[in-house]
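The values are calculated or read from the model by the stated rules, or taken from the named source; none is laboratory data. This is a predicted model, so every value here is computed, not measured. We place every Cβ from the backbone using ideal geometry, glycine too, and count neighbours over all the protein chains shown.
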Amino acid sequence: MYYFDNASTTKVLKPAADAALKCMTENYGNPSSLHKMGVKAEEVLNSSRKLISNVFNCKDEEIIFTSCATESTNIAILGAANSKKRTGNKIVTTTIEHAATAQCINHLENKGFEIIKISPKNGKYYAEDIVNAIDDNTILISVIHVNNENGLILPIEEIAKQAKNKNPNILIHVDAVQSFCKIPINMNKVPVDLASVSGHKINTPKGIGALFMRKGVKIQRHSFGGLQENNIRPGTEALPSIAAFGVAAKINFENMNKSIEHYKLLKKHLLKRIKNNSEILLNSSDDCAPYIVNMSIKGIRSEIMLHFLEEKGFCVSSGSACSKSKKSGVLQNMGYSKKREDWAIRISFSTENTTNQIDMLIEAIESGQKSIIKTY
Ligand code: PLP
């Protein structure tokens, strides 16, 4: 199979898998134990935390390991809202959030918080539009950095700086899942308070995530137990996955610039290949990250094209993996028609993909366009 679904999940890197195996079969102590095995495990925990904090240029103690980004986002958004509810009840977010954020926000709306969802303008987000929506009653902003369906990059640095200028008490949460190790956020310079990341998007086994929580930020915790992970996320740490996460973050971060160049080359090649195909509509603009390309193939429902391509040996996605075949509505919120969303497929790259594979993928799509009966 040729795998073009890396925004859904990724192949585990061999050194990351090796690090996990070592923690399962040799260095299997509990980091909280006082004996030698525990101390060794704690060393792995600390060094992995350092490798993650390096990517954000933040303090090690600002990284909290979780089970996935969805958990990080739940801890961040619910914890921030509950800790701040006495000072205000307004939350500002966007109409193109991943379900992890969108569902937390819906939950808070049902609990009586006032939610302002900002739509894009001409397919873009401007910091001013988010910042204009905040006032003294606003307690939280939650924005996605790189959208998982079309790769749109939001100006989080500007949003955070301008928002803090206007109201320094606001907490800012960023869903950095699709940008982590690809488009860095320097937490020394960007006044974000909370950021969610996930291991399995960067070549780590599934079931590990992290939350950046700036030192001094107070959120209400919703899990109770031991003292692990700053008392925010109690429970014995998943050391094998944490070790893998650290190794994968290091490798991806070190190779980031080279990888981005590779993605740009792949995207350019793909766009060139589809340029003259008037039945393919591009849903990812130049402002989007080069590793996610979303396009609609006129008259062919995503699922039909997806399974046709699968038969030919290609894995692509029909949108967000989390919503299965149910459309998330993100593309419609970007201003595209329902039909265009129904016809959308997402192609997301890894550094293992080649221009040759793209040629084969486009040929397969073109043969689908010839043989599949279209419904407009
Ligand atoms: N946010 C974004 C932008 C994502 O793409 C995903 C996963 O698809 C998530 C959050 C949730 O991540 P996890 O699977 O680690 O819970």
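Some observations on this one:
- Some residue of the stretch 342-353 being among the basic types (Lys, Arg) and modelled with pLDDT under 95: no
- Within the stretch 6-63, considering residues that are touching a Leu at 6+ places or on another chain (Cβ under 9 Å) and surrounded by fewer than 14 Cβ atoms within 10 Å (Cβ to Cβ), the one nearest to Val247 (Cα to Cα): Met24
- Every residue from the stretch 55-64 that is farther than 16 Å from Ile208 by Cα and either within 12 Å of the ligand (Cβ to nearest atom) or not acidic (Asp, Glu) (or both): Val55, Phe56, Asn57, Cys58, Lys59
- Within the stretch 124-147, restricting attention to residues that are among the charged types (D, E, K, R) and not in a strand (DSSP E or B), the residue that is nearest to Leu282 (Cα to Cα) is Asp129.
- Entirely in the stretch 273-376, the helices (runs of 4 or more DSSP H) that have 2 or more residues that are in contact (Cβ under 8 Å) with a residue 60 or more places away in the chain: 302-311, 330-333, 355-371
- Any hit, the stretch 31-47, residues being within 23 Å of the chain's Cα centre (by Cα), assigned to a helix (DSSP H, G or I), among the polar types (S, T, N, Q) and within 27 Å of Val217 (Cβ to Cβ): no
- Residue match in the stretch 52-59 (condition: among the hydrophobic types (A, V, I, L, M, F, W, C), free of Cβ contacts under 8 Å to residues at least 60 places away in the same chain and not in a strand (DSSP E or B)): no
- Among (1) more than 19 Å from the chain's Cα centre (by Cα); (2) under 25 Å from Gln178 (Cα atoms) - the single one Asn89 does not satisfy: (2)
- Test: residue in the stretch 246-265 that is at pLDDT 95 or above, in a loop (DSSP other than H, G, I, E, B) and within 16 Å of the ligand (Cβ to nearest atom): no
- None of Asn188, Asn150 is under 28 Å from Lys264 (Cα atoms) and either more than 16 Å from the ligand (Cβ to nearest atom) or part of a strand (DSSP E or B) (or both) except Asn188.
- Residues of the stretch 191-230 classified as away from the ligand (no atom under 11 Å from the Cβ) and part of a helix (DSSP H, G or I), total: 2
- Residues in the stretch 201-228 that are surrounded by fewer than 22 Cβ atoms within 10 Å (Cβ to Cβ) and closer than 28 Å to Ala81 by Cβ: 16 in all.
- Of all residue pairs spaced 6 or more apart or on separate chains, those with beta-carbon atoms under 6 Å, a first member in the stretch 186-205 that is modelled with pLDDT of 95 or more and a second member that is within 15 Å of the ligand (Cβ to nearest atom) and of a type in the set (Phe, Trp, Tyr) are Ala195/Phe212; Val197/Phe180; Gly199/Phe245; Thr204/Phe245.
- Whichever residue in the stretch 65-116 is polar (S, T, N, Q) and part of a loop (DSSP other than H, G, I, E, B) and, among such residues, is nearest to the ligand (Cβ to nearest atom): Ser67
- Within the stretch 168-185, the set of residues being assigned to a loop (DSSP other than H, G, I, E, B) and within 11 Å of the ligand (Cβ to nearest atom) comprises Ala176, Val177, Gln178, Ser179, Phe180.
- Cβ-Cβ contacts under 9 Å between residues 6 or more apart (or on different chains), taken from a first residue in the stretch 6-31 that is in contact (Cβ under 8 Å) with a residue 24 or more places away in the chain and more than 17 Å from Asn46 (Cα to Cα) to a second residue that is among the acidic types (Asp, Glu) and crowded, with 19+ Cβ neighbours inside 10 Å, are listed as Ala7/Glu149.
- Candidate set from the stretch 1-45 (those that are β-branched (Val, Ile, Thr) and within 16 Å of the ligand (Cβ to nearest atom)); member that is farthest from His145 (Cα to Cα): Val12
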